[in-house]
Every structure is written in C-alpha cells, then in structure tokens.
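All remarks here apply to the structure that follows.
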Amino acid sequence: MIRILCLAILPLSFFGCKQEYLFNSKDKIENSIWTYQDLKRFQFSIQDTSALYNIHLSLSAVDSFATENIYIKLWTAFPDGKQLEYIKSIPVFDNEGKILGDKSGQTYTQQVVLQENAFFNQVGSYQITIEQFMRTDSLSGISSVGLIVEKSKEKRS
C-alpha cells in the first residue's frame, strides 16, 4: 500500500517543481569551437507588457576550458525595429579555480543572469543575438549557448 502511494505521489512532486519558461532554447556549437561569425539568435514573443521577466544565458563548457571568463556582445532587437547593444563578461571559474555550473560527463552547464525583472514595453517579437567577443576568433571549449526567458515573481509597479 505504501509503495503504491509513493508511486502515485512521485509524479506529482515532479510536476509541482517544474519551472515554466516563456522561452527556453539552446544552440549547439559545432566541434565546441565558437567563432565570431557563429552568432546565436534567439527570437521570442512578448504578449504581457505588464509583467517582469528574468533573462538568463545558458552556457556549456568542457572541463578543460582554459579561460577565466568569456566576453559576449548582446543585441536586443525590439518589435519596432530599434536595437540595444551591450557587452558582458561571463565568469567561467569561481575564486578557487573551480569551473562553474552543473557537471554532466566532461561538460559544465551554468545559467547566468543577464537581467532580472526586465520589462518589455511593446507587444511582439523580440530577438536577442549573442556573439562571442573574445580577443581571438575561435573560442575552443564552448559546446552550447542558450537563452531562457521566464516571468518574474515580482510585479511591475
């Protein structure tokens, strides 16, 4: 009887913990070499301009990755055609030299906050483009880049 009860409750516990994303997409990087020309484009739609959103970068690196951080350039294209551009440094290692993220085999994947409680003033399609912005054209050891957009628990005032 207890066994049946546990089997019935187990799926419900997974369902209750599932994170719901407005957008969640990951792009593999061929041969784990990210070049300047390999721009990662993510397009999503916003319908609720009264909500706040958290935007995360998902980054996967092999455990032999040699760079302390990665510089990326981001462009946000708005539904009205305007664009916003900025550069961000993403740490790959902590202060003790340990690679950040969750390990699976020889790959570490981390989620990095790009912006918390962001708001979108326009209904429509947005595109975020991500470019590796290091000093060398070929960045070896990055296996995938992704973008996650989720509704924040905070409310817009």
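Since every read-out is calculated from the coordinates, none of them should be taken as a lab result. Bear in mind that the values here come from a model prediction, so they are computed numbers and not experimental data. Cβ sites come from the backbone with ideal geometry, for glycine too, and all protein chains shown count toward neighbours.
Distance cut-off 19 Å, Cα to Cα: go down the list LYS26/LYS73; LYS73/LYS103; LYS82/LYS151 and report the pairs above it. Mind dumping the intermediate values first?
On the way: LYS26/LYS73 17 Å; LYS73/LYS103 26 Å; LYS82/LYS151 23 Å.
Those over the limit are LYS73/LYS103; LYS82/LYS151.
List the chymotrypsin sites (Phe, Trp or Tyr not before Pro) in the range 33-67 that DSSP assigns to loop (not H, G, I, E or B) and whose Cβ has at most 16 other Cβ atoms within 10 Å. Which are they?
TYR36
Find the relative contact order for the range 20-155 and round it to a whole percent, using C-alpha pairs within less than 8 Å whose residues are 6+ positions apart. Before the final figure, lay out each step's value.
On the way: 315 pairs, mean separation 68.4, N = 136.
Computed over the range 20-155, the figure is 50 percent.
May I ask you to list the aspartates and glutamates whose Cα is less than 14 Å away from that of LYS40, ignoring any residue fewer than eight positions away on the same chain?
Excluding near neighbours in sequence, the set is ASP27, GLU30, GLU131.
DSSP loop (so not H, G, I, E, B), at most 10 other Cβ within 10 Å: list which GluC sites (Glu not before Pro) in the range 69-150 pass both filters.
Numbers: sites: GLU85, GLU96, GLU116, GLU131, GLU150; in loops: GLU96.
Counting only loop positions with at most 10 other Cβ atoms within 10 Å, the GluC sites (Glu not before Pro) in the range 69-150 are GLU96.
Distance in nm between label sites at SER140 and ASP63, each 7 Å beyond Cα in the beta-carbon direction?
Modelled inter-label distance: 1.9 nm.
Determine the calculated [θ] at 222 nm for the chain from helices alone, applying -39500 (n - 2.57) to every DSSP H run no shorter than 4 residues and normalising by the residue count; nearest 500 deg cm²/dmol. It would help to have the intermediate numbers written out before the result.
Values: 1 runs with 16 residues, N = 157.
Computed mean residue ellipticity for the chain: -3500 deg cm²/dmol.
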